[in-house]
Every structure is written in structure tokens, then in C-alpha cells.
Amino acid sequence: MSLLKVQNLSKRFGGNLAVDGVGFELAAGELLAMIGPNGAGKSTTFNLLNGQLRPDCGTVTLAGRSLVGLTPRQVCRRGVGRTFQIAETFASLTVLENVQMALIAADGRLFAGWRRAGQHRRDDALALLAQVGMQAQAERPCSALAYGDVKRVELAIALAGQPSLLLMDEPTAGMAPAERLALMALTKRLVVERGLAVLFTEHSMDVVFAHADRLIVLARGCLIAQGSPAEVRKDPQVQAVYFGSGRTFGAAP
């Protein structure tokens with residue numbers, strides 16, 4: 001049964017139709033990659049899903065409830081988490097404090113005063129860090145971490161709100177190949193353990209084909225293909241968009 005349903009999603013900026021009738025579904029426990037060349041409409045689609053933009057037409061439902069017209073904060077309250085291409089953490093705070101801040105926000109206490117914030121759900125924060133392999137670095141400032149570790153902290157922050165759907169925008173951008181594969185292997189494990197639905201964009205095809213359950217492919221705002229990695233790899237339209245030839249998509253050059 002699908003958790004997320006997107007139907008006929010469209011968004012125009014002036015004369016540019018950035019997203020044109022996109023539709024797809026995503027089930028709990030599934031890792032779905034959204035790929036496409038630059039300008040395909042991936043970022044706009046993400047921003048439509050999490051409330052940063054409002055669609056001109058179309059529907060977005062999560063567990064049967066509409067997300068259209070909600071603010072990003074309201075979308076988050078409905079069970080949607082997000083990570084960003086450039087990791088967003090408080091560099092001056094410790095790893096633990098970053099996750100505690102996320103828990104304070106999830107509990108609706110962000111503006112309720114700062115007294116005793118350092119003790120807020122400390123055990124829960126440590127448990128989240130353990131899930132992403134960062135508990136041992138809980139007391140280090142985020143400014144002292146390697147970038148791959150910062151991305152793990154960001155993932156723990158995104159999980160603090162107990163989302164049913166996680167949107168990951170270029171999760172492995174700026175990471176070394178081994179770090180990329182390790183982060184996505186961790187994400188895959190969390191998908192299975194938590195029953196999460198994950199939609200992610202990615203330019204690294206090694207990550208996509210190694211970890212995604214299914215792929216959707218956008219080009220010039222339109223969804224041109226969807227299916228298993230093997231099906232998408234062989235799709236003639238996908239090969240034409242990426243290579244302008246019959247060369248097999250996703251194969252080594």
C-alpha cells in the first residue's frame with residue numbers, strides 16, 4: 001500500500017513549466033531515487049512535496065492526507081523529514097546538542113525557554129546517534145567533524161521528528177566514494193528497521209543503482225521513466241536523455 005501519492009503535479013515559473021504533470025507513488029519501507037539531468041525539475045518537485053512551493057495543480061497525499069497548501073513546518077508535523085544537499089547543523093554546538101535541538105523542536109518547545117535544554121531527552125538523542133553510528137562522538141562540536149560524519153548527524157536530526165517519509169536532497173554530495181556508499185547503506189538499513197519511505201535525489205549513479213529499490217526519471221519537468229534499476233537502465237528514452245545514444249545507462253564507460 002502506498003504511503004505517498006503524487007498525481008499530476010505541475011509548477012510554472014513565468015513561461016517555464018518546471019514540473020509538468022508528474023505522478024508517482026512510494027510505499028513504506030521503500031527507497032526511491034529521483035534522477036535526471038540538471039534542470040529536470042528534481043529540486044522543484046522536492047520543494048513542492050515539502051511545502052516550500054505550492055503547485056499550480058495536482059495532489060500530494062501522505063497516508064491519505066493532503067499536503068498541498070501546508071507550510072514546511074506543517075508538512076513536517078504530518079511526518080515528513082528532510083535532509084539537504086549542504087548539511088545543515090549548528091557548527092558551534094556539540095553533536096548531542098544538535099540532536100537535542102531537533103527533539104526540542106519536534107516537541108514544540110523551541111520557543112519555550114532554554115533552561116535545562118541541555119538535558120532535554122538526552123537518552124533519546126543518544127539513541128538516535130547510536131542508530132547513525134555517531135554516539136561515540138556525541139560531545140564533539142559539529143565544527144570538528146569530518147563532512148561524512150556531519151551528514152550522519154543531519155540524518156539523526158531528520159529522524160528526531162519520527163517521520164514516516166524522508167526526503168533526501170543529494171545526500172552524498174561532497175563525499176568520497178566510500179563515504180557515499182556507507183551513508184546510503186545506513187539509510188537503507190534505517191528504511192528496513194523503521195519502515196521508512198525515502199525519496200532521494202542523487203547524481204552518483206553508483207549510489208543509485210547499488211541502493212535504490214526503484215527509480216523515477218525526470219527530464220524537462222516530465223516523468224519519462226520509472227521502474228526497477230534494471231528496467232530504467234535499459235530504457236531507450238533514459239539512455240537518449242543521458243547520452244544521446246544507445247549506450248547502456250549506468251554501465252561503466
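Observations on the model:
- Three-way shape call for the stretch 1-52 based on the alpha-carbon gyration tensor, with the a/c threshold at 1.5: prolate
- If the chain linking residue 86 and residue 234 were pulled fully straight, counting 0.36 nm for each residue of separation and taking away their Cα-Cα distance, it would gain 50.1 nm.
- 22 Å Cα-Cα reach of residue 234 towards lysines, excluding residues that sit fewer than 8 places from it in its own chain: 42
- The alpha carbon gyration tensor of the stretch 1-90 gives principal lengths a ≥ b ≥ c with a/c below 1.5, which makes the shape rounded.
- Prolate/oblate/rounded label for the stretch 90-162 (Cα gyration tensor, a/c 1.5): prolate
- Distance between the stretch 76-92 and the stretch 53-68 - C-alpha centres, whole angstrom: 21
- Kyte-Doolittle mean at least -0.5, axial Cα span of 20 Å or more - DSSP H helices of the chain: 177-194
- Euclidean distance of C-alpha centroids, the stretch 140-170 and the stretch 189-209, integer Å: 14
- A straight chain from residue 185 to residue 78 at 0.36 nm per residue would run longer than the Cα-Cα distance by 35.9 nm.
- Contact order, relative form, for the chain: 26 percent (alpha carbon pairs under 8 Å, 6 or more residues apart, mean separation divided by residue count).
- The residues 172, 61, 201, when put in order of fewest to most other Cβ atoms within 10 Å, stand as 61, 201, 172.
- With a cut-off of 15 Å between beta carbons, the residues surrounding residue 175 carry a summed charge of -4, where Lys and Arg count +1 and Asp and Glu -1.
- 76, 57 arranged by Cβ crowding within 10 Å, fewest neighbours leading: 57, 76
- Reachable aspartates and glutamates, given that their alpha-carbon falls under 18 Å from the alpha-carbon of residue 5 and they are not under 8 places away in the same chain: 20, 25, 30, 56, 213
Bear in mind these aren't lab numbers, they're just calculated from the coordinates by the rules spelled out. In this text the structure is predicted, and so the values were computed from the model without any measurement. We place every Cβ from the backbone using ideal geometry, glycine too, and count neighbours over all the protein chains shown.
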